[in-house]
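Working notes for the structure below.
The values are calculated or read from the model by the stated rules, or taken from the named source; none is laboratory data. Note that the coordinates shown come from a computational prediction; the quantities given were computed from them, not determined experimentally. Backbone-built Cβ (ideal geometry, glycine too); neighbour counts: all protein chains shown.
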Amino acid sequence: MNPNKALWEKGDFTKLAETMRESGEALVSKLGITPGLSVLDLGCGDGTTAIPEAQLGASVLGVDIAGNLVAAGNERAKAAGITNCNFVEGDASNLHELKDASFDVVVTIFGAMFAPRPFDVAKEMVRVTKPGGRIIMGNWIPGDPTLVAQILKISSAYTPPPPEGFVSPMLWGVESNVTERFTQAGIAKENITFEKDTFNFRAPFSPAEFLNRFRMYYGPTMNAFEAAEKDGKAEALKQELETLFTSQNKSTDINTTLIPATFLRVTVVK
């Protein structure tokens with residue numbers, strides 16, 4: 001089985017996506033999505049940005065490598081009575097089922113950054129975008145002091161080293177790497193712009209419960225805890241992450257969570 005598919009099907013990312021809905025909608029509202037546009041939402045999960053895009057009148061195709069998230073996305077769209085949004089399985093590094101120049105906008109928020117072979121990912125996103133169309137990426141930033149970068153950094157210290165040839169997904173958060181990948185895919189450097197943005201995780205439960213959801217349902221954190229258990233270090237990992245979650249929580253109510261996380265927003269014009 002594709003190891004990337006196995007990673008993202010391992011847990012149930014919908015349990016985390018529930019805390020991302022409000023920020024997903026807020027982000028989409030800034031992307032210039034208008035009725036009639038064709039949008040590809042890549043690494044879409046269960047539709048945190050794809051469904052708001054459809055609600056703005058775009059025709060949306062959500063593509064994700066995890067079959068359980070595709071099924072959940074289609075269920076969410078159906079429950080909301082949305083007919084202009086469809087979810088299918090696919091791999092961001094090989095979108096062979098999609099035709100050249102098919103989409104006005106390609107959106108991938110914390111999605112395609114986790115696919116292997118980043119140069120192929122850039123090339124495929126450019127290929128399926130119409131001339132004059134846009135690609136918008138949201139990518140976590142390596143070494144950033146906010147939540148997600150720190151979760152991944154802490155977790156990596158408890159897991160075995162990655163296989164030879166592994167390229168860290170966090171390099172999508174480095175402007176020079178992003179520029180290299182898209183220029184190699186045929187985009188002029190001046191057509192690539194960057195800005196820092198903030199994504200808020202909101203949950204009606206404590207930071208400790210929020211951490212528990214990462215432990216139970218988020219593939220990379222699940223793997224970190226499994227490896228830590230084998231080394232007798234699970235409690236140390238838990239304490240390190242609990243300190244992180246508690247310190248980053250901006251909510252004044254101990255039974256709710258509000259954690260902002262900084263990311264790099266990339267806009268590419270073809």
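When each of Thr246, Thr183, Thr252 is tested for being among the hydroxyl-bearing types (Ser, Thr, Tyr) and either in contact (Cβ under 8 Å) with a residue 12 or more places away in the chain or in a strand (DSSP E or B) (or both), the lone residue that passes is Thr246. For segment 167-186, the set of residues classified as farther than 15 Å from Asp120 by Cβ and either under 18 Å from the mean Cα position of the chain (by Cα) or of a type in the set (A, V, I, L, M, F, W, C) (or both) consists of Ser168, Met170, Gly173, Val174, Glu175, listed by residue number. Search segment 87-106 for residues being of a type in the set (S, T, N, Q) and part of a loop (DSSP other than H, G, I, E, B), and hand back the single one that is surrounded by the most Cβ atoms within 10 Å (Cβ to Cβ). Per the stated criteria, the residue is Ser93. Considering only residues in segment 48-62 that are assigned to a loop (DSSP other than H, G, I, E, B) and of a type in the set (S, T, N, Q), the one that is farthest from Val128 (Cα to Cα) turns out to be Thr48. When the residues of segment 2-47 are filtered to those that are part of a loop (DSSP other than H, G, I, E, B) and of a type in the set (Ser, Thr, Tyr), the one that is nearest to Val105 (Cα to Cα) is Thr34.
When Ser176, Ser156 are checked against the criterion of being of a type in the set (Gly, Ala, Ser), within 24 Å of Ile259 (Cα to Cα) and either in contact with a helix residue (DSSP H, G or I) (Cβ under 8 Å, 6 or more places away or on another chain) or surrounded by fewer than 18 Cβ atoms within 10 Å (Cβ to Cβ) (or both), a single residue qualifies: Ser156. Does segment 107-124 contain at least one residue that is modelled with pLDDT of 95 or more, crowded, with 19+ Cβ neighbours inside 10 Å, outside any loop (DSSP other than H, G, I, E, B) and in contact with a Phe, Trp or Tyr (Cβ under 6 Å, 6 or more places away or on another chain)? Scanning segment 107-124 turns up at least one residue that is modelled with pLDDT of 95 or more, crowded, with 19+ Cβ neighbours inside 10 Å, outside any loop (DSSP other than H, G, I, E, B) and in contact with a Phe, Trp or Tyr (Cβ under 6 Å, 6 or more places away or on another chain). Quick one: is Ile254 β-branched (Val, Ile, Thr), surrounded by 15 or more Cβ atoms within 10 Å (Cβ to Cβ) and out of contact with any His (no Cβ under 8 Å at 6 or more places or on another chain)? Criteria not met by Ile254. Only a single item in (1) within 15 Å of Val148 (Cα to Cα); (2) touching an Asp or Glu at 6+ places or on another chain (Cβ under 8 Å); (3) not polar (S, T, N, Q); (4) not in a helix (DSSP H, G or I) is not met by Lys196, and it is number (2). For segment 186-218, a tally of residues being free of Cβ contacts under 8 Å to residues at least 60 places away in the same chain and over 30 Å from Asp12 (Cβ atoms) returns 3.
Whether a residue is within 24 Å of Ile259 (Cα to Cα), modelled with pLDDT of 95 or more and touching a strand residue (DSSP E or B) at 6+ places or on another chain (Cβ under 9 Å) was assessed, and Ala17 does not pass this test.
Candidates in segment 51-86 are the residues that are free of Cβ contacts under 8 Å to residues at least 24 places away in the same chain and polar (S, T, N, Q); of these, the one that is surrounded by the most Cβ atoms within 10 Å (Cβ to Cβ) is Asn74. Residues satisfying the criterion are present in segment 6-28 (criterion: among the hydroxyl-bearing types (Ser, Thr, Tyr), closer than 29 Å to Glu195 by Cα, in contact with an Asp or Glu (Cβ under 6 Å, 6 or more places away or on another chain) and surrounded by 14 or more Cβ atoms within 10 Å (Cβ to Cβ)). Scanning for something modelled with pLDDT of 95 or more, within 21 Å of Glu124 (Cα to Cα) and assigned to a helix (DSSP H, G or I), does segment 65-74 turn up at least one residue? Checked segment 65-74: at least one residue is modelled with pLDDT of 95 or more, within 21 Å of Glu124 (Cα to Cα) and assigned to a helix (DSSP H, G or I).
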